[in-house]
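The values are calculated or read from the model by the stated rules, or taken from the named source; none is laboratory data. Everything numeric here is computed off the predicted structure, so don't read it as measured data. Cβ: placed from backbone, ideal geometry, glycine included. Neighbour counts: every protein chain shown. The area values use the complete protein model at the heavy-atom level, side chains included, leaving out ligands, DNA and RNA. Shrake-Rupley method; radii C 1.70, N 1.55, O 1.52, S 1.80 Å.
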Amino acid sequence: MIKNKKILIVGAGGFIGGHLVKRLLDDGNYIVATDIKPREYWFQEFEKAENHFSMDMKDIGNCRKVAKNIDYVFNMACNMGGMGFIENNKAECMQSVLINTNLLISCKETSVERYFFSSSACAYNKTKQQNVFIEGLRETDAYPADPEDGYGWEKLFSERMCRHFMEDYGLQVRVARYHNIYGPFGTYDGGREKAPAALCRKIIKAKKNNKNEIEVWGDGMQTRTFLYVDDCIEGTLRLFESDYSEPVNIGSDEQVSINQMIEIIEGISGVKKLNRIYQLDKPKGVRGRSSNNDLVKKILNWSYKIKLREGLKKTYNWISSEINNQGSNLSRFTKS
Ligand code: GDC
């Protein structure tokens with residue numbers, strides 16, 4: 001367990017970053033939390049952390065300011081979202097390279113002991129994800145390089161930047177490739193939401209408005225593995241403390257189609273089967289993507305615990321309470 005450390009978490013106002021701040025505070029660390037988002041847009045805020053709102057880490061001056069006297073750095077920051085966002089904002093996504101680069105330079109200049117980079121399954125070669133049911137992607141499947149355009153290229157490039165900072169300057173780096181992380185305190189509307197949250201929202205709204213249909217992007221046969229955020233945090237911290245410095249998958253092995261996930265969410269909500277309106281012109285991404293977890297099991301002796309149904313239930317209940325509280329907008333922010 002990481003304890004009594006001074007830790008910089010960049011992207012702390014975001015979904016995974018917020019959960020990480022909570023866990024590392026609970027474990028007894030001093031947290032410096034930064035995010036480009038203004039205070040009112042942070043998904044979670046903790047009074048015990050040293051919070052820096054509206055801080056753009058693409059500016060190296062800001063990186064240098066907060067990296068001073070820090071033991072560990074977690075870079076959870078990037079301009080991102082689900083397929084609806086990353087397919088239409090490639091230049092925005094690629095600019096996150098500045099965050100990672102400037103942070104690495106600042107860490108090298110100070111006494112930072114260890115650095116974490118949150119990479120993505122979007123770094124994997126697209127040609128290996130063209131079928132609905134595929135073998136889980138192994139870490140070696142990122143090469144030869146042909147990642148998701150824009151967002152995936154930034155992740156792959158930044159992974160390599162981490163590796164070279166370790167080789168050339170001795171900075172200890174750890175890199176996780178996340179496979180579609182979902183859970184409470186994530187984006188569920190506005191255009192950046194990923195499929196689990198989007199489909200929960202659509203089913204909640206159909207139920208609320210007595211509608212018997214939902215819109216689904218693509219034909220619903222696309223497959224993915226989704227990982228609940230608590231498992232993501234646990235896997236991340238174990239990887240961080242390990243001595244393994246190459247990229248590692250952090251994902252589940254419950255491969256489902258989008259149609260199967262919709263059935264699970266319908267079961268949670270108790271609605272009758274809704275008519276699916278398949279929107280074939282919407283962003284679909286790769287046809288099939290799932291995580292092979294052999295490496296993470298081998299090096300960390302760890303596997304995810306929360307099954308998709310259980311995680312979706314927690315997510316559904318949170319989004320449902322958010323939608324019902326709309327107007328007050330308070331439940332997004334937990335202060336402790
Ligand atoms: O957005 P996403 O969760 O991203 O979409 C998964 C699949 O669900 C896509 O084929 C999409 O067309 C389908 N889908 C159906 N209906 C909807 O209403 C909807 N909204 C959304 N968003 N999708 C719907 C993600 C990246 C992330 C991250 C992860 C890593 O790609 O967008 O930024 O890096 O991958 O695994 P996905 O899984 O394609």
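With the structure loaded, tell me whether F157 is surrounded by fewer than 20 Cβ atoms within 10 Å (Cβ to Cβ) and aromatic (F, W, Y) or whether it fails that test.
Values: surrounded by fewer than 20 Cβ atoms within 10 Å (Cβ to Cβ): yes; aromatic (F, W, Y): yes.
Yes: the conditions hold for F157.
Out of the helices (runs of 4 or more DSSP H) lying entirely within the range 82-164, which hold 3 or more residues that are of a type in the set (A, V, I, L, M, F, W, C) and within 15 Å of the ligand (Cβ to nearest atom)? I'd like the intermediate steps shown before the answer.
Details: elements: 83-86, 90-94, 97-109.
Ranges flagged: 83-86.
Return a yes/no flag: does the range 195-203 have any residue that is without any contact (Cβ under 8 Å) to a residue 40 or more places away in the chain and within 11 Å of the ligand (Cβ to nearest atom).
Residues of the range 195-203 without any contact (Cβ under 8 Å) to a residue 40 or more places away in the chain: 202.
After this cut, where a residue has to be within 11 Å of the ligand (Cβ to nearest atom) as well, the list is 202.
Within the range 195-203 (the criterion being without any contact (Cβ under 8 Å) to a residue 40 or more places away in the chain and within 11 Å of the ligand (Cβ to nearest atom)), the answer is yes, since at least one residue qualifies.
Of a type outside the set (F, W, Y) and in contact with a strand residue (DSSP E or B) (Cβ under 6 Å, 6 or more places away or on another chain), is that true of E193? Let's see the steps before the verdict.
Details: of a type outside the set (F, W, Y): yes; in contact with a strand residue (DSSP E or B) (Cβ under 6 Å, 6 or more places away or on another chain): no.
Judged against the criteria, E193 is not a match.
Can you give me the number of residues within the range 254-277 that are assigned to a loop (DSSP other than H, G, I, E, B) and either hydroxyl-bearing (S, T, Y) or within 14 Å of the ligand (Cβ to nearest atom) (or both)?
3
Would you pick out the residues in the range 275-305 that are closer than 22 Å to R138 by Cβ and among the polar types (S, T, N, Q)?
S290, S291, N292, N293, N301, S303
Which residue pairs have Cβ atoms under 9 Å apart, sit 6 or more places apart or on different chains, and have a first residue in the range 114-140 that is acidic (D, E) and a second that is open to solvent by 70 Å² or more (accessible area, probe 1.4 Å) and more than 10 Å from the ligand (Cβ to nearest atom)?
Cβ pairs passing all conditions: E135/K128; E139/E246.
Going through the range 204-235 one residue at a time, which ones are within 9 Å of the ligand (Cβ to nearest atom), in contact with a Pro (Cβ under 8 Å, 6 or more places away or on another chain) and outside any loop (DSSP other than H, G, I, E, B)?
The one that is within 9 Å of the ligand (Cβ to nearest atom), in contact with a Pro (Cβ under 8 Å, 6 or more places away or on another chain) and outside any loop (DSSP other than H, G, I, E, B): W217.
Any idea which of (1) under 16 Å from the mean Cα position of the chain (by Cα); (2) open to solvent by 40 Å² or more (accessible area, probe 1.4 Å) is the one F85 doesn't satisfy?
For F85, the exception is condition (2).
On the basis of being free of Cβ contacts under 8 Å to residues at least 24 places away in the same chain and open to solvent by less than 70 Å² (accessible area, probe 1.4 Å), does N100 make the cut?
So N100 fails the test.
Working only within the range 241-253, note down all residues that are in contact (Cβ under 8 Å) with a residue 24 or more places away in the chain and surrounded by fewer than 19 Cβ atoms within 10 Å (Cβ to Cβ).
First, the residues of the range 241-253 that are in contact (Cβ under 8 Å) with a residue 24 or more places away in the chain: 241-242, 244-253.
Within the range 241-253, E241, S242, Y244, S245, E246, D253 meet the criteria.
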